[in-house]
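Notes follow the structure.
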Amino acid sequence: MSYSFFNTKNTLFFVVLFYLMACGNNESNHKKAATQPTQTPYVQVSPSFNADSAYEFVQHQVGFGPRFTNSEGHTNCGNWLEKQFGLYADKVSVQKADIKNFDGKTLHIKNITASFNPAAKSRILIAAHWDSRPYADQDLDETNKNEPILAADDAASGVAVMLEMARVLSQKQPAVGVDFICFDAEDLGKPQFEDSYCLGSQYWAKNAKKIGYQAKYGILLDMVGARNAKFVWEGFSVKYAEPVIRKVWDQAVQLGFSNQFYYYRGGGITDDHYYVNTIANIPMIDIIHFSDETKTGFPAHWHTLSDNMAVIDRVTLKAVGQTLLETIYKEQ
C-alpha cells in the first residue's frame, strides 16, 4: 500500500498527521473515535476460526518465495490459490488483464474471486492483495533495498485469513452472499508516481462499476497477521464507510479482541479500499496494522526482508478472522 496521506507523497507529513490524529501526546488527540460498546456477556454465533490453519496458509504462500507480479513465484502461488479456493467456494472466477506499470512494463495481472451463495443479492466483499513487493525499499540495510520480500504479513496474512474463512463457510453457509477477492499488483508502486499502487483493484473496480456489481459493504485486510498488531480507524474507512468500521470494531470488542482493535482515528492510507470506494462506490474499510513505534506509522517489518514467518502470530490471525466470521454470520 502507499503511505500517502490524502494523496500527499511526503512520508514525514503522513507520519506527523497520522500521529496527531491517532497517537499524539496531547490529551485531546487521544480522544477515542467513538464510544466503545458496553461489555456484556456475549454468545458467539459463528463457527470457530482456526488460527493454526490460517498460519499454515500464510506459510504455504511464503513457500513460493517472492510473489511479485510476473514472477515465477507469482504464477505458482496464483495457480495454488485458484485450486485452494476451489476446494471451498461455490464459484471461483479469474479476471486477467495486461496493464502498464509506472515504468512502462506490461504486467500480467490476475484478480481471483471466490464466491459463496452466488445467487444472493445481499453480498459482503472481503479482499486482500496477494502479490508481494519486488523491492525492500524500507530495509535499514542499503544492500537489501532492491531485493524482493517474502511478504508474510504484507499481505499473505490477509489472503490466509480469507482462505480459512472460506473453509469455514464451506461447512456452514451464511445467510448472505460472500465474495473473497485476491487483488493483484497492489505493491509494485512508488510514492512519486500517482496511482501506481493498487493496480489490480483499480482495474477490478472499473469493471465492477461497468457490470453493476454491488455489495452491502467491503472489508480489506492488509497486514493482519503480525504479533502485537494494532488496528485503528483508518481515515478513508471513516470517510466512506464509518457505519461499517463501527460494526466491525464493535463486533471485535464484544468477542474480546480489544487488544487488537482500537477506537482511534488514523490518517488516510491509499490502499485497495480507496479505489473500491471511489470507483466502484462500494463502502469499504481497511483493517491495517498501525504502529506508533516507527517513523512510517507501519510496523518495522513493512517493506523489508524482515517480513517473513517470524513476524506472524496466531493470536492476531484469530482476532481478525473470528471478528469477520462473526460479522458475516450475524448478517441477515
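The values are calculated or read from the model by the stated rules, or taken from the named source; none is laboratory data. Predicted, not measured: the structure shown is a model, and the values here were computed from it. Please note: Cβ atoms are built from the backbone with ideal geometry, for glycine as well, and neighbour counts cover all protein chains shown.
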By residue number, the members of segment 225-241 that are in a strand (DSSP E or B), crowded, with 24+ Cβ neighbours inside 10 Å and of a type outside the set (A, V, I, L, M) are 231, 233
Could you check how many residues of segment 176-190 are surrounded by fewer than 24 Cβ atoms within 10 Å (Cβ to Cβ), out of contact with any Pro (no Cβ under 7 Å at 6 or more places or on another chain) and farther than 18 Å from residue 147 by Cα? 2
Name every residue in segment 303-332 that is farther than 25 Å from residue 124 by Cα and in a loop (DSSP other than H, G, I, E, B), in order of residue number. 303, 304, 305, 306, 307, 308, 313
Restricting the search to segment 211-240, which residues are within 17 Å of the chain's Cα centre (by Cα), β-branched (Val, Ile, Thr) and over 12 Å from residue 282 (Cα atoms)? 224, 232, 238
Which residue out of 322, 260, 254 is under 24 Å from residue 163 (Cβ atoms), out of contact with any Cys (no Cβ under 7 Å at 6 or more places or on another chain) and surrounded by fewer than 23 Cβ atoms within 10 Å (Cβ to Cβ)? 260
Failed condition for residue 295, given (1) over 14 Å from the mean Cα position of the chain (by Cα); (2) surrounded by 18 or more Cβ atoms within 10 Å (Cβ to Cβ); (3) more than 22 Å from residue 53 (Cα to Cα): (2)
With the structure loaded, tell me whether residue 158 is over 12 Å from the mean Cα position of the chain (by Cα) and small (Gly, Ala, Ser) or whether it fails that test. no
Out of 132, 201, report the one residue that is crowded, with 17+ Cβ neighbours inside 10 Å and not in a helix (DSSP H, G or I). 132
For segment 204-224, which positions are assigned to a loop (DSSP other than H, G, I, E, B) and crowded, with 20+ Cβ neighbours inside 10 Å? 215, 223, 224
Go through 119, 175, 185 for me and flag whichever is more than 19 Å from residue 283 (Cα to Cα), in contact with a Ser or Thr (Cβ under 6 Å, 6 or more places away or on another chain), outside any helix (DSSP H, G or I) and of a type in the set (A, V, I, L, M, F, W, C). 185
Might you check whether a residue that is assigned to a loop (DSSP other than H, G, I, E, B), acidic (Asp, Glu), out of contact with any Gly (no Cβ under 6 Å at 6 or more places or on another chain) and at pLDDT 95 or above occurs anywhere in segment 285-302? no
Flag if residue 282 is part of a loop (DSSP other than H, G, I, E, B), in contact with a Gly (Cβ under 6 Å, 6 or more places away or on another chain), under 24 Å from residue 111 (Cα atoms) and at pLDDT 95 or above: yes
